[in-house]
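**Q** Structure in structure tokens, see below.
The values are calculated or read from the model by the stated rules, or taken from the named source; none is laboratory data. Remember, it's a predicted structure, so these values are computed and weren't measured experimentally. Reconstructed Cβ throughout: ideal geometry from the backbone, glycine too, with neighbour counts over all protein chains shown. Side chains included, ligands, DNA and RNA excluded: accessible areas come from the protein's heavy atoms. Shrake-Rupley method; radii C 1.70, N 1.55, O 1.52, S 1.80 Å.
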Amino acid sequence: MPVHIEQLSVILNELNLHKAVLVAVSKTKPVEEIMAVYNSGHKIFGENYVQELVEKHEQLPKDIQWHFIGHLQSNKVKLIAPFVSLIHSVDSFKLLKEIDKEAKKNNRIIHCLLQVYIAQEETKFGFSFEEAENLLGSPGLTDLKNISIDGFMGMATLTDDENQIRKEFHSLKNFFASIKAQSGILNPKSEILSMGMTSDYKIALEEGSNMVRIGSAIFGERN
Ligand SMILES: *Cc1c(COP(=O)(O)O)cnc(C)c1O
């Protein structure tokens, strides 16, 4: 299936108005299709399986910024630690400690977002607002010198109810604002609110997202 390059430029224009960044979600898509997007000038891609990300990283140009957006198991962190640019899906303190350990081995800082649970569905990973706030205030956090917490990622309920989606994004936006207001917690050079995918990114932008993760609108439906 061909990549929707025209749709990509429409999306990039929309994002520009909101000063938001696009993560082109390329999971399950072949390297040829990623190259088509890359050759149009876009270099930020998101994957949610470790093995697939590692293989694509090996095969594709080294100036691609790879974001990890899926559920990450602690024992797989070492595979992506040498090169990953942002992990959107940190959902436990244990995982954060593991990322710090592997980042240190690689002599780098790994940028992370805390995944916050905003949807009504039971199956989504992530912290509650309270858990995220507790983690950010925990004394042990300052020992982790090789991670940077830049913000939050959230996924809204898969529903046609726009008001529900808006309410969920809005709640994360408010949380983000309250944490930002407490200086020194988030990396002030890069404060990121990752919200919105193909079906709901317009609502997410209206609700203050500054990073969207879009797959099917660019690469076509996945099988
Ligand atoms: C697959 C995925 C996306 C992109 O979904 P589309 O509906 O194809 O835009 C965004 N975020 C996460 C976490 C995903 O797993």
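**Q** Can you give me the number of residues within region 191-219 that are within 14 Å of His88 (Cβ to Cβ) and part of a helix (DSSP H, G or I)?
**A** 1
**Q** Based on what the data block shows, is Asn75 over 27 Å from Leu172 (Cα atoms), modelled with pLDDT of 95 or more, open to solvent by 40 Å² or more (accessible area, probe 1.4 Å) and in a loop (DSSP other than H, G, I, E, B)?
**A** So Asn75 fails the test.
**Q** May I pose another question? Quick one: how many residues across region 173-190 are out of contact with any helix residue (DSSP H, G or I) (no Cβ under 6 Å at 6 or more places or on another chain) and assigned to a helix (DSSP H, G or I)?
**A** Residues in region 173-190 being out of contact with any helix residue (DSSP H, G or I) (no Cβ under 6 Å at 6 or more places or on another chain) and assigned to a helix (DSSP H, G or I): 8 in total.
**Q** Answer yes if at least one residue in region 182-196 is within 25 Å of Lys29 (Cα to Cα), open to solvent by 10 Å² or more (accessible area, probe 1.4 Å) and among the basic types (Lys, Arg), and no otherwise.
**A** No, the conditions are met nowhere in region 182-196.
**Q** Among the residues of region 103-111, is any within 16 Å of the ligand (Cβ to nearest atom), more than 11 Å from Ile147 (Cβ to Cβ) and surrounded by fewer than 20 Cβ atoms within 10 Å (Cβ to Cβ)?
**A** No, region 103-111 has no match at all.
**Q** In addition: Residues to consider are Ile149, Ile214, Ile185, Ile192; find the one that is of a type in the set (Val, Ile, Thr), under 28 Å from Asn107 (Cα atoms) and touching a residue at least 60 places away in the same chain (Cβ under 8 Å).
**A** Only one candidate qualifies: Ile192.
**Q** Now for a different question. Please work out if Asp100 is open to solvent by 20 Å² or more (accessible area, probe 1.4 Å) and either farther than 24 Å from Lys167 by Cβ or at pLDDT 95 or above (or both).
**A** no
**Q** Which of the residues that make up region 112-145 are crowded, with 16+ Cβ neighbours inside 10 Å and of a type in the set (Lys, Arg)?
**A** Lys124
**Q** What's the total number of residues in region 176-223 that are within 10 Å of the ligand (Cβ to nearest atom) and at pLDDT below 95?
**A** Within region 176-223, residues that are within 10 Å of the ligand (Cβ to nearest atom) and at pLDDT below 95 number 3.
**Q** Quick one: which residue in Phe68, Phe83, Phe93, Phe45 is more than 20 Å from Ala217 (Cβ to Cβ) and within 13 Å of the ligand (Cβ to nearest atom)?
**A** So the residue among Phe68, Phe83, Phe93, Phe45 that is more than 20 Å from Ala217 (Cβ to Cβ) and within 13 Å of the ligand (Cβ to nearest atom) is Phe68.
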